[in-house]
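A.B. asks: Sending over a structure as structure tokens; questions will come in a sec.
The values are calculated or read from the model by the stated rules, or taken from the named source; none is laboratory data. Given the structure is predicted, the values throughout are model-derived calculations rather than measurements. No Cβ is skipped: glycine too gets one built from the backbone with ideal geometry, and neighbour counts run over all protein chains shown. Note: accessible area is taken over every heavy atom of the protein model, side chains too, but ligands, DNA and RNA are not part of it. Shrake-Rupley method; radii C 1.70, N 1.55, O 1.52, S 1.80 Å.
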Amino acid sequence: MEFRCVHCGSEVKTLFVQYSPGNIRLMKCDNCKAVADEYIECEITIVLIDLILHKRKAYRHVLYNVLNRNTVDAEMMMEVLLGNFAFFGVLLLMKRLFMKSFSQVTSNKDIFLAILVSSYFKLFVMAMMVWEFPASVLFIIDIFVLSSNAMALTVLQQATMTGGIGMCLGAHAAKVVANHTLEFLLVRVL
Ligand SMILES: [Zn+2]
């Protein structure tokens, strides 16, 4: 279990030292000398805004310093696992095929968490189903979810943005194909 500096991504032993309740001192990163994770003192809304703005350090904060520490709700895990099975499967396959050198750096759990975190925008899609928005809006949201997924993967894999987008687009295509195949089979059977 290690933490990461949100600025440069290098490992840090601790993020803060607590002297007394409410009295903490944030630790600095040995590598870049900046405060390792200033989000610890920020409100959750600030973190959310930075996630939406695709700030790399916000993704590092959530993926390495928050989610890695707390066990994610099992129910949420199941839902995402079922909903994104094809997406996740293809991502793992692609990682195997194209990113052999990174396989030690990133465990499958990390990738899974990345997808989980950056899919928060899908909540908006669900909301829109209730209010009936035009299809074009859904399309834009979908693109946003994809780019957000790519950003999270890029941070975890320490790869280029193009690589992350490529992986996500491939996986997304597989998900669409899987969904359509399932629909086709269901129509045939029923
Ligand atoms: Zn650093």
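A.B. asks: Using r as the Cβ-Cβ distance of ILE143 and LEU53, and R0 as 22 Å, what FRET efficiency do you calculate, to the nearest 0.05?
C.D. replies: 0.90
A.B. asks: Next question. Roll a 1.4 angstrom probe over the protein heavy atoms and tell me the percent of accessible area of region 1-70 that is carbon or sulfur.
C.D. replies: On region 1-70, the fraction of accessible area on carbon and sulfur atoms equals 55 percent.
A.B. asks: I've got another one for you. What distance in nm lies between label points placed 7 Å from Cα along the C-beta direction at ILE44 and PHE16?
C.D. replies: Reported label-point gap for ILE44 and PHE16 is 1.6 nm.
A.B. asks: What are the semi-axes of the equivalent ellipsoid of region 1-70, taken as the square roots of 5 times the eigenvalues of the Cα gyration tensor, listed largest first and rounded to whole Å?
C.D. replies: Computed over region 1-70, the values are 18, 15, 11 Å.
A.B. asks: Kindly report the accessible area of region 1-70 per residue (heavy atoms of protein chains, probe 1.4 Å, no ligands, DNA or RNA), in Å².
C.D. replies: 61
A.B. asks: Around PHE3, which amide H atoms from residues at least 5 apart in sequence, or from another chain, sit under 5 Å from its own amide H, with H modelled in the peptide plane?
C.D. replies: Correct list: VAL12.
A.B. asks: Treat each spin label as a single point 7 Å out from the Cα along the C-beta direction, and report the GLU2 to LEU169 distance in nm.
C.D. replies: 3.3
A.B. asks: May I pose another question? For region 144-174 and region 14-65, write down the distance between their C-alpha centroids in whole Å.
C.D. replies: 23
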